[in-house]
Amino acid sequence: MHVLMISDGIPTPQYPLPGIFGFDQAKALKKQGVNVTYFGIDLRSIRRTRTWGIVSGKEDGVEWHVINYPVGRVPSPLFIRIGKRGLQKLYSRFINQSNRPDIVHAHFTEIGAIAASLAKKEKIPFILTEHSSAMNMEFISPKTLKLAQKTYGSTNKLLTVSNSLKNNIKKHIGVESTVIPDVVNGDVFFSIKKKEHAGFGFVCTGRLIFHKRPDLLVRAFAKVHEVFPDSFLGYIGDGNYKTQTMRLVRELGLENAVNYYGLKTRREIAEIYEKYDCFVMPSSKETFGVVYIEAMASGLPVIATKCGGPEDFINKENGILVDPDCVDQLATAMCHVYKNRKEYDSVRIRQYVNENFSGHAIAKRLIKEYKTVDKRK
């Protein structure tokens, strides 16, 4: 079986997020013996420094090719038109009759719209994994709905990363999907070893933007720190809400108890987790929430909000769920984990992640879905 995986770029040390979900799946499938070629369609703005045109490489046995056009924020029809040209260029250059794919598997709505035309033209079964938070809202814009309806209608199978997203798509569009969550890079997070340290550390990894609610986390931590002065907070990430968040930290007199790490690679994040005791992120909306799973793979209990994705995997053995936008509930949960840290078995938490979200677990589920649409079967 040959799978052509398509997403929105490829992770790099400077920009670790583009294409990360699709590329992780590609590498996981390769380890299970599947022949995978990875294409990235990177249409970010010129401000995202990278080599223009086509770049290629190979990682963990996966041959990858990415086309970089400095497009940025343009209307969706133009974005898709440019993306189709880029994808066709990659396909013409790197695919021939001898390595023709049996499955085209794309990620996200717009990349799916780009890939759908290629799959139709080449008469190859098409699978789309939807991650988009725009499709997990109570109100979805008419333009987004129209694009999603057309794209989903072109698929042989639609996959979603959480039950929340599945149910919302069913509600708004009437399309059924199969839930297969994102892969967790276990090679990085499963291998870390806890380092002894004074006090008790809470850590968050996420963009410093409003809907991740870093302000709510800081306010809740202030309440915890008042009761437990040896507690401390770490924040990994960056974003346009950093200035406001740091100002709030100063206003609450928490400068000596809060550490900002900025953007980090997965390896660096895992090393930071070695010095912390609990992961917490009070996001207002998540389609899945891979950062929670990565923290759990590191053996950390997690505190999350009932925001869509985390309800699928957080239970009383590995963490606590609280209502969104409730600083008191969040502070109470943080205090509970501080006081009852021995209730959370890091070995069992890691085992749960390995059985449900590791590369081999997700790859086996993907292969099963591929076989249902592979025309050779």
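Listed values, structure above:
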{"read-out": "Using θ = phi - 60° and Karplus 6.51 cos²θ - 1.76 cosθ + 1.60, couplings along region 199-208 (whole Hz; Gly, Pro as x)", "value": "x, 9, x, 9, 9, 9, 10, x, 5, 7"}
{"read-out": "LYS371 versus THR178: modelled label distance in nm, points set 7 Å from Cα along the beta carbon direction", "value": "1.0"}
{"read-out": "PHE139 accessible area, assembled protein chains, probe 1.4 Å, Å²", "value": "150"}
{"read-out": "Label point distance in nm, LYS143-ARG85, each placed 7 Å from Cα along Cα→Cβ", "value": "2.0"}
{"read-out": "Entries of LYS58/LYS120; LYS27/LYS150; LYS58/LYS264; LYS84/LYS121; LYS157/LYS285 with Cα pairs more than 20 Å apart", "value": "LYS58/LYS120; LYS27/LYS150; LYS58/LYS264; LYS157/LYS285"}
{"read-out": "Largest to smallest principal axis extent of the C-alpha atoms in region 263-327, angstrom", "value": "30, 25, 22"}
{"read-out": "Dimensions (Å) - region 20-68, Cα atoms, principal axes, largest first", "value": "37, 18, 13"}
{"read-out": "Dimensionless Rg over Rh [region 245-377; C-alpha; Kirkwood]", "value": "1.05"}
{"read-out": "Percent breakdown of C-alpha pair distances by 20 Å bin, ordered from the shortest bin, for the chain", "value": "28, 56, 15, 0"}
{"read-out": "Dipole magnitude (debye, nearest 20) for region 213-335, charges at Cβ of Lys, Arg, Asp, Glu", "value": "260"}
{"read-out": "Length gained when the stretch GLU355-TYR260 is fully extended (0.36 nm per residue, less Cα-Cα span)", "value": "31.0 nm"}
{"read-out": "Segment ARG348-SER154, extension gain: residue separation times 0.36 nm, minus the distance between their alpha carbons", "value": "65.7 nm"}
{"read-out": "Rounded percent of accessible protein surface that carbon and sulfur make up, the chain, 1.4 Å probe", "value": "49"}
{"read-out": "Whole-Å semi-axes of the ellipsoid equivalent to region 65-121 (Cα gyration tensor, √5λ, descending)", "value": "21, 13, 9"}
{"read-out": "Cα-centre dipole for the chain with unit charges at Cβ (Lys and Arg positive, Asp and Glu negative), debye to 20", "value": "1600"}
{"read-out": "Net charge of Cβ neighbours under 13 Å - reference MET135; Lys, Arg +1; Asp, Glu -1", "value": "+2"}
{"read-out": "Projected label distance in nm at ASP187 and GLN14, using a 7 Å step from Cα toward the beta-carbon", "value": "2.4"}
{"read-out": "Zero-based 5 Å bins, Cα pair distances in region 1-153, whole percents", "value": "2, 9, 20, 24, 21, 14, 8, 2, 0, 0"}
{"read-out": "Nonlocal amide H pairs with ILE6, under 5 Å, H built at 1.01 Å", "value": "PHE39, HIS105, ALA106, HIS107"}
{"read-out": "Exposure of GLU274 as accessible area (Å², to 10), given a probe of 1.4 Å and all protein chains", "value": "30"}
{"read-out": "Environment charge of THR205, counting only residues whose C-beta is closer than 15 Å and scoring Lys/Arg +1, Asp/Glu -1", "value": "0"}
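The values are calculated or read from the model by the stated rules, or taken from the named source; none is laboratory data. For clarity, every value in this text was computed on a predicted model and none was experimentally measured. Because the Cβ atoms are built from the backbone with ideal geometry, glycine has one as well, and the counts that use them run over all protein chains shown. All accessible areas refer to the heavy atoms of the entire protein, side chains included, with ligands and DNA or RNA removed. Shrake-Rupley method; radii C 1.70, N 1.55, O 1.52, S 1.80 Å.
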